[in-house]
1. Is there a residue being free of Cβ contacts under 8 Å to residues at least 60 places away in the same chain and among the β-branched types (V, I, T) anywhere in segment 77-88?
2. Are any residues in segment 1-50 of a type in the set (G, A, S) and farther than 20 Å from A82 by Cα, and if so, which ones?
3. Name, by its number, the condition in (1) free of Cβ contacts under 8 Å to residues at least 12 places away in the same chain; (2) surrounded by 15 or more Cβ atoms within 10 Å (Cβ to Cβ); (3) not β-branched (V, I, T) that does not hold for D116.
4. Would you confirm whether any residue within segment 83-94 is exposed (fewer than 14 other Cβ atoms within 10 Å of the Cβ), assigned to a helix (DSSP H, G or I) and among the β-branched types (V, I, T)?
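None of the figures in this text is laboratory data; all of them are computed from the coordinates on show. Just so it is clear, the model here is predicted, and its values are computed rather than measured. So basically every Cβ, Gly included, is an ideal-geometry build from the backbone, and we count neighbours across all protein chains shown.
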Amino acid sequence: MKTQLAFIALAIVAGAVLPLQAGLNVQLGKSVHQPIFAAFASFLIGTLGLLVYLLFLKFDFSTMEQTKTVSPVVWLAGILGAFYVAAVIILAPRLGVALTFVLVVAGQMAVSLVLDHYGLLGLPVKQINWQRLLGVAFLVAGVLLIRRF
C-alpha cells in the first residue's frame, strides 16, 4: 500500500510539472519566434538530463543491443512525444494552459480507455464500464466549464 501511494504521488507530481514545462517552453518559443525549436530544445536538454541520470546509475549501455529486437513501431513513441510537446507549446498561448491541459487529459482518457479495454500494446485488460465512462463524462463537463469561464 505504501508503494502504491508513492506511485500515486509520483503521478500527481508528473502531472503537475507538465503545465510548468508548457509555460517555460512557450517562453522559449516566443523568444526565438519558433515553437518547434522550443520543442527541440526541450527534448535536447531532456535527453542530456537522462544521459547524466543513466551515467549516475551506471547503466550498462551494452544492453542497448537488445533494442534491435523490438518492433519498429515502438520507436514512434519519440515522435509522439515530440508532437505532444510541440502541440502544447502552440496551443497553450492560444487556448490558455488550463483549457489546453483539460483537453489533453480528455484525449488521454479516451485513448486510455480503449488501450485498457482491449489490452493493446501488451497492457493489462481493464474493461470499460459505466463508472469509467462517468469519469470521462465528468472530464468533458470540466472542459465545458473551463471553456465557458
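1. Our first condition is that a residue be free of Cβ contacts under 8 Å to residues at least 60 places away in the same chain; within segment 77-88, this holds for 77-84, 86-87.
With the extra rule that they be among the β-branched types (V, I, T), the set shrinks to 79.
Yes.
2. Here is the first cut: in segment 1-50, the ones of a type in the set (G, A, S) are 6, 9, 11, 14-16, 22-23, 29, 31, 38-39, 41-42, 46, 49.
Within segment 1-50, A6, A9, A11 meet the criteria.
3. Only one criterion is unmet by D116, namely (1).
4. No, segment 83-94 has no match at all.
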